[in-house]
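Enquirer: Please find one structure pasted underneath; my questions will follow.
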Amino acid sequence: MSDESGSPTFIIADFSDDDAANENWPEIEFRSPEDEAWYGVDVWELCDSLVVTFNGFSFEYDEVYSPDDFKNPEELKEFEERFRACSVQMQDTECATLAQGTKVCATCPSVAGEVKFYDAIVVNVSREKHGVDEEGNEVCGCDYKLYWNQGPFVNNVTSAKVGDICLVQEDKRMKPKVVTFLKEARRQLLGEAPQGKETEWQKILKKVTSAIRDHNLDPSVPENQG
Ligand SMILES: [Zn+2]
């Protein structure tokens, strides 16, 4: 995760058996490697592994990830980017917030009978005057042209209506269980000591020691670091 200030690293305390540790964190969605579609999920730990449970699906669809599943930092980063705060169904009154270039998560028209969500970008909006339904609610009939970043229509443009579109959230917070898992995976991948600074210092110390040895100097290194 980022090193930006405000990252609540101290909140990582996942010893509770219940879901208390996951309270007050945004609901998350996950882009499944199976079909690259986004799903609302919950996460829990099984020993060191991270179990991803798909909302509305039985446990047979659960996906289990081990911290040593990743061959390199790119794979781990790719996995990290599969999680984000849940996108939210767009409301008719939010029509004006969409413009060319807005990143959305939308249902794909091609998948018969299945409602799958993929990322897309708004490339054009054909606005119509909004109507009102029997209950007095604003009704958006505008036509949105979406360019798909993922899914069956990747790199193509299709039409969508307000009901097809979810708004991607800016909330960058991630549930502690995911953060903890990513940290452990990164640690295993990089062979890092729990405190990266020490590792960096140990590297320097090693270089200094070998340099001294190479020059047949006295290997007693000053030890007053503090
Ligand atoms: Zn509209």
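The values are calculated or read from the model by the stated rules, or taken from the named source; none is laboratory data. Every value quoted in this text rests on a predicted model; they were computed, and no experiment measured them. FYI the Cβ positions are ideal-geometry reconstructions off the backbone, even for glycines, and counts take in every protein chain you see.
Enquirer: Among all residue pairs at least 6 apart or on different chains, which show Cβ distances below 6 Å where the first residue, located in the stretch 86-98, is farther than 19 Å from Ser126 by Cβ and the second is charged (D, E, K, R)?
Expert: The qualifying pairs are Cys86/Glu27; Cys86/Glu29.
Enquirer: A follow-up question, please. Residues being within 25 Å of the chain's Cα centre (by Cα), among the aliphatic types (A, V, I, L, M) and not in a loop (DSSP other than H, G, I, E, B): count how many of those fall in the stretch 136-156.
Expert: Of the residues in that region, 1 qualify.
Enquirer: Further, regarding this structure: Might you check whether a residue that is more than 19 Å from the chain's Cα centre (by Cα) and part of a strand (DSSP E or B) occurs anywhere in the stretch 88-103?
Expert: No - not one qualifying residue is present in the stretch 88-103.
Enquirer: Name the residues in the stretch 157-166 that are within 11 Å of the ligand (Cβ to nearest atom) and either assigned to a loop (DSSP other than H, G, I, E, B) or of a type in the set (D, E, K, R) (or both), would you?
Expert: Within the stretch 157-166, Lys161 is the sole residue that qualifies.
Enquirer: Against the definition (surrounded by 12 or more Cβ atoms within 10 Å (Cβ to Cβ), touching a Cys at 6+ places or on another chain (Cβ under 8 Å) and not assigned by TED's automatic domain parsing to the domain that holds Pro176), how does Tyr144 come out, yes or no?
Expert: no
Enquirer: Here's another thing I want to ask about it. Being touching a Cys at 6+ places or on another chain (Cβ under 8 Å) and either within 13 Å of the ligand (Cβ to nearest atom) or not in a strand (DSSP E or B) (or both) is the filter here; which residues of the stretch 119-135 pass it?
Expert: Val125, Ser126, Arg127, Glu128, His130
Enquirer: Turning to a different aspect of this structure: Quick check on my filter: what residues within the stretch 64-87 are exposed (fewer than 15 other Cβ atoms within 10 Å of the Cβ) and more than 16 Å from Lys175 (Cα to Cα)?
Expert: Val64, Asp68, Lys71, Asn72, Pro73, Glu74, Glu75, Lys77, Glu78
Enquirer: Looking only at the stretch 45-64, which residues are within 14 Å of Glu29 (Cα to Cα) and either assigned to a loop (DSSP other than H, G, I, E, B) or not assigned by TED's automatic domain parsing to the domain that holds Glu29 (or both)?
Expert: Scanning the stretch 45-64 gives Asn55, Gly56, Phe57, Asp62.
Enquirer: Of the conditions (1) away from the ligand (no atom under 16 Å from the Cβ); (2) buried (at least 17 other Cβ atoms within 10 Å of the Cβ), Met90 fails just one. Which one is it?
Expert: Condition (1) is where Met90 drops out.
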